[in-house]
Amino acid sequence: MFTRTHAGVLKKRLAEPRRFIQVVAGPRQVGKTTLVRQVLERSRLEAHYASADEPTLRGRHWLEEQWDAARLKARDAGKRGAILAIDEAQKVPDWSETVKRLWDEDTAGRLRLKVIILGSAPVLVQRGLSESLAGRFEVLYLPHWSFAEMREAFGWDVDRYLFFGGYPGAAPLAADQDRWRRYIVDALIETTISRDVLLLTRVDKPALLRRLFQLACAYSGQVLSYQKMLGQLQEAGNTTTLAHYLDLLAGAGMVAGLQKFSGQNVRQRGSSPKLIVLNTALMSATSGLRLEVARADGEFWGRLTESAVGAHLANAAAAGLCETFYWLDRNHEVDFVVRTGRVVTAIEVKSARRRSALPGIAAFDAAFRPKRKLLVGGDGIPIEEFLGKPVDHWVGR
């Protein structure tokens, strides 16, 4: 049984008349294929599933062949129609142009073929959608699994979630921490970087991108200027390259660089980013620490806790539910600022990490008058409670 609410959304959309291509996007190993396969199994329609996730990239002729196979099922089904699901579509060269042509042919011929496109590189999927498929698609974004989902599926408490993160496929390996770490590093981190970023996007300095990922994991939860990053990386490159590489890593669902909140969009992009892993498993696995050692290290556990809160908010932002920032003014800091429409919420995480800045809720309140001010951890909202509920529960409009 697939536990995610997204399955119900996709099933409902497929039950509607043929209107849009359904695009299911998100990082690797969050359950996109499982979700779609289960929805197809429970659908009353004939379905054809095919994956382009092969060492050698599939070509447009392969895509046309899969489409023709689904067309035969749709014609045989008559008014009921059929479903075509293409996994890892972004690995087919010029996939969006081919999909546009075939979709428009079926639309003109009134063929009842519904189409699902799956992709593990959201940035690349979005690029194809915006370039060729405008007005023809809906996106269902699947972020990393939340604490509530991991608790429901695996019975995890909050400490296990903070350390092992939200990868459902890795959860059964958590009993053997060395094996779990190897899986995260080899099957998730390396595969994502090599197959979803380097193989499909031009990266002039792949070694720099890998070192930047390691740096982001080591400094997750901290504000770090691009100049300081260059110093840490011992790189003579420019900040524009680093900002671009950080965007690529965020697009692959690995790490994000939150921008400083200023109340003015024009100023936010130029700020020093606050680095946040989008799944705390990445931080734990690259640290080399075991759970019991990490739990006893107050500073590390504090950063892990803050990173989990940041990931919860950043994943909601990636799904389009809100915008997530941080705020820093002289010696005052607010860990996270969330904006939904015109509603601004300031969030302070009480953790054991050492700070170079003082909590700045009062200063932020005086400057921006947020609608809500939340303290997470300590004598505020328990971490388990905050992570156990969707972001819109805390920062809704």
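Any read-out appearing in this document is the output of simple, stated calculations on the displayed coordinates, not a laboratory observation. Because the structure is predicted, anything quoted here is derived from the model rather than measured. All Cβ positions, even for glycine, are placed from backbone atoms using ideal geometry, and neighbour counts span all protein chains on display.
Could you name the lysines in cross-link range of LYS274, using Cα to Cα under 28 Å and dropping any fewer than eight places away on the same chain?
LYS205, LYS228, LYS260, LYS350, LYS371, LYS373, LYS389
Find the relative contact order for the stretch 154-395 and round it to a whole percent, using C-alpha pairs within less than 8 Å whose residues are 6+ positions apart.
Numbers: 360 pairs, mean separation 40.3, N = 242.
Answer for the stretch 154-395 is 17 percent.
Using a simple spin-label model with points 7 Å from Cα along the Cα→Cβ vector, what separation in nm is obtained for ALA243 and VAL293?
3.8 nm
Relative to the longest principal axis of the chain, what angle (0 to 90°, nearest 10) does the C-alpha long axis of helix 239-251 take?
Roughly 60 degrees between the two axes.
Compute the Cα gyration tensor for the stretch 6-141, then decide on rounded, prolate or oblate, letting a ≥ b ≥ c be the square roots of its eigenvalues: rounded whenever a/c is under 1.5, prolate when a/b is larger than b/c in the other cases, and oblate in all that remain. Each step should come with its number before you reach the end.
Numbers: a/c = 1.42, a/b = 1.16, b/c = 1.22.
Rounded, because the longest to shortest axis ratio a/c is under 1.5.
For the residues THR201, THR280, THR5, what sequence is obtained by ranking on other C-beta atoms within 10 Å, fewest first?
Working: THR201 17, THR280 26, THR5 9.
Going from least to most buried by this count: THR5, THR201, THR280.
Which option, (i) 22.2; (ii) 26.6; (iii) 21.6, is the value of Kirkwood radius over Cα pairs in Å that was calculated from these coordinates?
(i)
If you stretched the chain out fully between HIS332 and LEU72, how much longer would it get, using 0.36 nm times the residue separation minus the C-alpha to C-alpha distance?
Working: separation 260, 0.36 × 260 = 93.60 nm, distance 6.37 nm.
My answer for the length gained is 87.2 nm.
Among LYS12, LYS32, what is the fewest-to-most ranking by other Cβ atoms within 10 Å?
Details: LYS12 9, LYS32 24.
With the fewest neighbours first, LYS12, LYS32 line up as LYS12, LYS32.
For GLU138 and GLN232, what is the calculated FRET efficiency with R₀ set at 56 Å and r taken between the beta-carbons, to the nearest 0.05? Provide the component values of the computation, followed by the final result.
On the way: r = 41 Å, r/R0 = 0.73.
According to the calculation, E is roughly 0.85.
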